[in-house]
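Written out below as structure tokens is the structure these notes cover.
Taken together, the values in this text are just the output of simple stated rules run on the coordinates, not laboratory data. All values reported here derive from a predicted model rather than from experimental measurement. Every residue, glycine as well, gets a Cβ built from its backbone with ideal geometry; the counts of neighbours run over all protein chains shown.
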Amino acid sequence: MINQQLVNPRSIVVVGGSEDIHKPGGKVLKNLIDYKFKGDLYVVNPKLDEVQGIKSYRIDEDLPDVDLAILAIAAKFCPQTVEVLAKRKNTRAFIILSAGFHEENEEGSKLEQQIVDTVNSVDGSLIGPNCVGMMNTNHIGVFIEPIPHFNPMGIDFITASGATAVFILESAITTGLQFNSVYSVGNSAQIGVEDVLKYLDETYEAGKSSPVKMLYIESVNKPEMLLKHASSLINKGCHIVGIKAGSSAAGSRAASSHTGALASPDVAVEALFRKAGIVRCYGRTELAIIAGIFMHPELKGKNIAVITHAGGPAVMLTDALSNNGLDVPHIEGKKARALLEKLYGGSSVANPIDFLATGTAEQLGYIIDACNNDFDNIDAMAVIFGSPGLTSVYDVYDLLDEKMKTSKKPIFPILTSIINVKDEIAAFIDKGRINFPDEVIFGNALAKVYHTPKPALLTSHIPEIDTSTIRKVIDTAENGYLSPTDVQLLLDATGVPRAGEAVVTSANDAVISAKKLGYPVVMKVVGPVHKSDVEGVVLDVKDDDTVRREFERMITIKNTTAILLQPMLSGTQLFVGAKREGDFGHMVLCGLGGIFIEVLKDVSAGLAPLDKDEAYDMIRRLRSYKIIRGVRGREPVNEDILADIIIRVSALVKTAPEIFEMDLNPLLGKTDKVVAVDARIRIEK
């Protein structure tokens, strides 16, 4: 969908180009001129023959053929202009800055669709409408500022919001980030964030294409496309960091099951990003910092040397790293003592390595060399160096730049004095370097980068399940919750281990079934969703009289249609569930079960299909994982069986996409087995 006329046009026309550079049509023309677009540049303005020194045509029909048209005119005039340019002037790329389309009203939506139809009819490309434009190393087709420094190995930035693009660029430019391209997709009438990412994937050349992609997304419209091409890019050696705005729980709709209540659309986004290997963040500064980290050599291990001439920032950085699962390991021994002898008295090399406020560039060089060559327990260095404003620090930053060129381990510069030594920092950035001005934000971001997994395999191995039985149950079922019998059939066909059980509608049958199952038993109502809330669960029933008495009580509970009996089992209560979430497909969730799921809300989610590595990752990301491992003498849960159940539920919902939501809650887990003792499955065809 993206073509060469859009990314590298030989000619551009600004329709609505103006002398007033405070209007979009004037500013975009000025940017094209100021940043020296190398092709032919035209203007359409019905009142002028020349605009900002560029020849202007009064009407579209008078233009020569032109590759790219940038429209800054009223929405109502755009469809006809696009029609003329596409059909008569061989224009195959359009950037529409104008607002007043589907974001405004139904009439605007019709205008937008008319434009899309015209552009599609000539296999053209359309960015917008309602956007700030796009820019790359070939042309600056935007009406905004600031304009970043462009570099073919800089960042590719794709944003759904034009105004947000400005603010993100301001955050990024001040740290020294350079860019290869910026796409503001606006209404995404034809080309959205996912489509741009697809193009960047399909045109990617290792060593020649941008190594970092930065995303700002307001809605994920094509999750499969995003997953496919983000995974592909990362597997080729790229890094992707993104914001998905709109993550509050207020957007989640009410649902009738535990899974439905916990599996909000944002949980699906989180699962998608994780499956794709995208580092997710929540603010502009964090986005820029993580992109900056990606522009440095990859962190291969979790051990960081904190090198500083100021104690406070080093303590705060150490806390940020340590609290997020990275290590600041103790440094000692003969080589540490040798390094200490090269520093001023009072310095410390224990890590943090503090060479005092009077530390010199030469001493910093000694420390970096030692971390590279002498300390095997160091994987990267974070260098904190600011200034109280007494002296310049050009020599320190020049030394840092030189060491970064040859270092075997990543060096991350944290230059905190953005006012006192702003000139020195500017000179450092002019060398192509990036600064991380806040040590805590940097520490949190580095940990997030380190802990984000590589993309999952998109061709997951699906365990063997009885698809014939599954489809027979689903095809004959009505919408709504399945009967206990059908639930049992699906679990057995999927290979999910379950407790023996019986569903009865009379007290006599209840007694007979209890004897067959073997005392003690559990009795549960069939019908009500939350059984405990209606006193519909009785544990440890040990004799016939109690079975008969509890049956007579429970069968009268509102909405109860039968009574379920199961053997009384023990173990850690667990939960596995699934929910269909629009175009994302099915999410599979796991956590502690029983009432803990409602109290703790400690769940992990993954997008089906899941492989075994993803299942283990879901289990081990739980805050309650220590309980699953066995804590204070508790019997641990068999993780292999639990992971297998997660994978089998994933396979079930791929085989039966009509499953809207399902709960296995609780499963009871022990060292030798994990067994489902209660399950609900809801169908929506």
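More than 20 Å apart: what percent of Cα pairs in region 534-685 qualify? Numbers along the way, then the final one.
On the way: 6136 of 11476 pairs.
So the pairs more than 20 Å apart make up 53 percent of the total in region 534-685.
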Practice problem: Quickly rank 293-305, 120-132 as a protection proxy: mean count of other C-beta atoms within 10 Å, highest first. | Solution: 120-132, 293-305
Quiz item: Can you list the equivalent-ellipsoid semi-axes of region 517-566, largest first and in whole Å, using the square root of 5 times each Cα gyration tensor eigenvalue?
Solution: 18, 11, 9
Self-check item: Where Rh is the Kirkwood radius over Cα pairs, Rg/Rh for region 79-118
Solution: 1.00
Quiz item: So what J values fall out for region 218-223 if you push phi through Karplus, 6.51 cos²θ - 1.76 cosθ + 1.60 with θ = phi - 60°, rounded to Hz, Gly and Pro as x?
Solution: 9, 8, 8, 8, 9, x
Exercise. Mind jotting down the distance between the C-alpha centroids of region 269-291 and region 460-493, whole Å?
Key: 36 Å
Quiz prompt | Interchain or long-range residues, amide H under 5 Å from His149's placed H | solution = Phe179
Quiz item: Using θ = phi - 60° and the Karplus curve 6.51 cos²θ - 1.76 cosθ + 1.60, what whole-Hz ³J(HN,Hα) does each residue of region 663-675 get, with Gly and Pro shown as x?
Solution: 10, 10, 8, x, 9, 10, x, 9, 5, 9, 7, 10, 10
Exercise. Before anything else, pin down the relative contact order of the chain: Cα pairs under 8 Å, at least 6 apart, normalised by residue count, whole percent.
Key: 9 percent
Practice problem: Take the Cα radius of gyration of the chain and divide it by 2.2 N^0.38 Å, with N its residue count; two decimals is plenty. | Solution: 1.18
Exercise. Starting from the amide H of His586, placed 1.01 Å from N in the peptide plane, find each other amide H under 5 Å away whose residue is 5 or more places distant or on another chain.
Key: Glu581, Ala608
Quiz item: Considering region 1-78, what Rg and Dmax in Å follow from its alpha-carbon atoms?
Solution: 11.8, 34
Exercise. Using only the alpha-carbon atoms of region 304-433, report the extent along each of the three principal axes, biggest first, to the nearest angstrom.
Key: 39, 33, 28
Quiz prompt | Percent of Cα pairs exceeding the 19 Å cut-off, where the set is region 396-460 | solution = 47 percent
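DSSP beta bridges in the chain, what fraction antiparallel, as a percent rounded to 5?
Values: 50 of 100 bridges.
Counting DSSP beta bridges with both partners in the chain, the antiparallel share is about 50 percent.
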Exercise. Taking every pair of alpha-carbon atoms in region 140-294, give the share separated by more than 23 Å as a whole percent.
Key: 36 percent
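How would Thr459, Thr285 line up from fewest to most surrounding beta-carbon atoms within 10 angstrom? Display every interim value, and only then the final one.
Values: Thr459 8, Thr285 18.
Ranking Thr459, Thr285 by Cβ neighbours within 10 Å, fewest first, gives Thr459, Thr285.
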Quiz prompt | Peptides ranked, highest mean first, by Cβ atoms within 10 Å: ranges 654-666, 73-85 | solution = 654-666, 73-85
Self-check item: Debye intensity ratio I(q)/I(0), log10, region 550-596, q values 0.20, 0.29 Å⁻¹ (C-alpha model)
Solution: -0.88, -0.97
Quiz item: Could you give P(r) for region 271-346, binned at 5 Å from zero, as whole percent values over all Cα-Cα pairs?
Solution: 3, 11, 13, 21, 21, 12, 8, 5, 4, 2, 0
Exercise. Just rank Thr159, Thr671, Thr452, Thr406, fewest to most, by other beta-carbon atoms within 10 angstrom.
Key: Thr406, Thr671, Thr452, Thr159
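Kirkwood hydrodynamic radius of region 461-620 from all distinct Cα pairs, in Å?
On the way: mean 1/r = 0.0565 Å⁻¹.
About 17.7 Å for region 461-620.
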Quiz item: What percent antiparallel are the DSSP beta bridges of region 304-433, to the nearest 5?
Solution: 10 percent
Quiz item: Counting pairs on different chains as well as pairs 8 or more places apart, how many Lys pairs in region 198-247 have Cα atoms under 13 Å apart?
Solution: 6
Quiz item: Which translational diffusion coefficient, to the nearest whole µm²/s, is obtained for region 94-212 from the Stokes-Einstein equation, given a Kirkwood hydrodynamic radius over C-alpha pairs, 20 °C and 1.002 mPa s?
Solution: 144 µm²/s
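Would you mind calculating the gained length between Asp545 and Glu402 on full extension (0.36 nm times residue separation, minus the Cα-Cα distance), in nm to one decimal? Intermediate results must be reported in sequence, preceding the final value.
On the way: separation 143, 0.36 × 143 = 51.48 nm, distance 8.51 nm.
Length gained, Asp545 through Glu402: 43.0 nm.
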Self-check item: Charge sum, other residues only, whose C-beta stays under 14 Å from Leu215's C-beta, Lys/Arg counted +1 and Asp/Glu -1
Solution: 0
Quiz item: Of Val142, Val393, how do they rank once you tally other Cβ atoms within 10 Å and put the fewest first?
Solution: Val393, Val142
